[in-house]
Amino acid sequence: MASHAIETHGLTRRFGATTAVDDLSLTVETGEVFGFLGHNGAGKTTTVRLLNGVLAADGGQIRVLGHDPATDGPQVRARTGVLTETPSLDERLTAIDNLTIYADLYGVPTGQVNGRVNAILETFGLAERGREKVGGYSKGMKQRLALARAFLHEPDLLFLDEPTSGLDPVATQEVHDMIRHVSREEGRTVFLCTHNLVEAQRLCKRVAVMEHGQMVAVGTPHDLAHQIGADMRYTLEIAPDQTGAARDAVKAIATVSSVEASDAEDAELTLTVSDREAVPDALAALGAAGVRVYAVIPQQTSLEDIYMALHQRKGGAS
Amino acid sequence: MNWRAVRAIVRKDLKVVLKSRAVLIPLIMVPLIILVILPAVGGVLLANANPNSPEIADFRRESAMFFDNLPGTIGDRLDQYDNEVQRVTYVIFNLFFPSMYLLLPTMVANVIAADSFAGEKERKTLEALIYTPTTDRELYLAKLIGPWVAGVAVGWLGYIAFALIVTATTWPLMGGVFVLDLAWLLLILWVTPAAAGIGLGAMVLVSSRVSTFQEAYQLGGVVVIPVLLLLFGQIGGVVYFSPLVALITGAILWAIALVLVVYGARTFHRGELMARL
């Protein structure tokens, strides 16, 4: 249990006739960046609220950092940092005021508050404008300040809802680096709620996909590709004048389901295969046919492909 | 009880209020008019009034119902004065103003609570607060303390300003301090905190049903009705401001405020708040 930052069994929450979270069972390992994917209304936000003990469950069990949030809510929330969908900042106050108040609320040692606030403002590129009212900030600055507040008390578990929403590419990269850093170097767990599948693919070791309150898949992107039965694809770089010969050489291999050839300057042959043993078979066949192969590049099924396949399988979004 | 967190929320709420013109204007203007401008103008006019002027006679005639039913203790007090202007001055500042004065702690607590409860919901800042490690009780207590302390503080500071202005402007007429007695002390120390409590309690009741500061402010305004009843009852000669009236008024306001605050505590759960966000 100790190695699990989050563990739920049969977690259920209803609002009237609507079941927002339906029999959710998942585990998130300590130090993992876990992606929680789903369309609007899929149950992501309700799950985060249940995991933080701000909503009570109608059924099931939850352990978060070794506690039951339903009974130990304050203890759980003292060790979690939450970035909500909206920045939820007091816009009439300065950034320093916003952070100082939350440092007190999260019990940052009194003697460390000023130093911690200044350091986190520096980290998130807001130090020069820390004394300005937040109402005058751009959307990206507000997002960075909300992120700074989530990181301020050095939580063991971070819940980040669309952390790079509104950020420019440079700031996005910095946030990604920070998420990787806190996970890999500091052993903190990150629960990433997002629609941004590229971001999830870059950051998350494992993802769960939610549809209408139910978890329809969980695992590494590779596992999920396997679960949806997606074929593997490999691109082979070959000599420009040999695409015809290459196509003829591999099309007889049983485990190669399709072949696409590109006759551009950098000639390529893309094989869709049902078994990875097709790769050495294809290389042997190409070698026998005298085709020169310069590189074999595996094409990972994108998370977007997986997500869309799962989504369509469930009958579409609300 | 995590008092550091409670203090942080109180500090936040009061800081936020001080930065809002929509909230600050009524908080400044109403006390300024009731406790500074009106007493100053009234004091100056009365200090310079002719005891034999027809206006004084008119005031006595128009307020006949009030003067005819005066209790003996107040009548005895008025008999100590030499002329009608002094008696009218005493009556206006000691019997009419206390009811108006009570509007202040009630209104101040009411407006700040509207901003603290409904305003926070409107500004979408409540969600981050709900995710903090505070308990429901700490969160609720913190939300009560800020408006209540502000209501009591404005009431007390307002009384000091009122007493100084009335004394200064009427000194030539009255020759001393005449707005400080047992009834006033009870009003300040017993009724004022209760009045702030009722302003707060009404807002606790209202805030769960509205989603904006303006809605809360307008609905919560009904809380001044009991105070206005006291004022009109006094003008009509039904009730007179005295230590006993202050004691009873305070007890009634405390009881209503406690009922509202306890009811609010029972319904104040972060889960319910979150579900409504």
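A few comments on the model shown:
- Qualifying residue in region B:70-86 (condition: free of Cβ contacts under 8 Å to residues at least 12 places away in the same chain, under 23 Å from B:Ala202 (Cβ atoms) and not in a helix (DSSP H, G or I)): no
- Where helices (runs of 4 or more DSSP H) sit wholly within region B:1-66, those with at least 1 residues that are closer than 19 Å to B:Asp82 by Cα and in contact (Cβ under 8 Å) with a residue 40 or more places away in the chain occupy B:38-47.
- Per the conditions (1) in the same structural domain as A:Leu50 (by TED's automatic domain parsing); (2) touching a residue at least 60 places away in the same chain (Cβ under 8 Å), the sole criterion not satisfied by A:Leu236 is (1).
- Matching residues, region A:262-295, being surrounded by fewer than 16 Cβ atoms within 10 Å (Cβ to Cβ) and within 35 Å of the chain's Cα centre (by Cα): A:Ser262, A:Asp266, A:Thr270, A:Ser274, A:Asp275, A:Arg276, A:Glu277, A:Pro280, A:Tyr294, A:Ala295
- Qualifying residue in region A:171-186 (condition: acidic (Asp, Glu), surrounded by 14 or more Cβ atoms within 10 Å (Cβ to Cβ), in a helix (DSSP H, G or I) and out of contact with any His (no Cβ under 8 Å at 6 or more places or on another chain)): yes
- Flag for B:Ser208 being among the small types (Gly, Ala, Ser), at pLDDT below 75 and at negative phi: yes
- Region B:12-23: number of residues that are of a type in the set (D, E, K, R), touching an Asp or Glu at 6+ places or on another chain (Cβ under 8 Å) and more than 7 Å from chain A (Cβ to nearest Cβ): 1
- No other residue among A:Glu122, A:Glu132 is on the phi < 0 side of the Ramachandran plot and touching a Ser or Thr at 6+ places or on another chain (Cβ under 7 Å) apart from A:Glu132.
- If you go through region A:118-148 and keep only what is within 13 Å of another protein chain (Cβ to nearest Cβ), surrounded by 15 or more Cβ atoms within 10 Å (Cβ to Cβ) and either of a type in the set (Val, Ile, Thr) or more than 20 Å from the chain's Cα centre (by Cα) (or both), you end up with A:Lys133, A:Val134, A:Lys142, A:Leu145.
- Hits in region B:120-140 (condition: part of a helix (DSSP H, G or I), among the basic types (Lys, Arg) and modelled with pLDDT under 90): B:Lys121
- Of the residues making up region A:242-285, those that are more than 17 Å from A:Gln299 (Cα to Cα), of a type outside the set (A, V, I, L, M, F, W, C) and without any contact (Cβ under 8 Å) to a residue 24 or more places away in the chain are A:Gly244, A:Arg247, A:Lys251, A:Asp263.
- Of all the listed residues (A:Val33, A:Val21, A:Val76, A:Val54), the sole one being crowded, with 23+ Cβ neighbours inside 10 Å and either farther than 15 Å from B:Gly271 by Cβ or acidic (Asp, Glu) (or both) is A:Val33.
- Matching strands (runs of 3 or more DSSP E) fully within region A:28-116 where at least 2 residues are away from chain B (no Cβ under 11 Å) and over 15 Å from A:Phe159 (Cβ atoms): A:59-64
- Residue list for region B:129-170, filter: closer than 30 Å to A:Arg79 by Cβ and small (Gly, Ala, Ser): B:Ala142, B:Gly146
The values are calculated or read from the model by the stated rules, or taken from the named source; none is laboratory data. Note that this is a predicted model, so its numbers are computed, not measured. Reconstructed Cβ throughout: ideal geometry from the backbone, glycine too, with neighbour counts over all protein chains shown.
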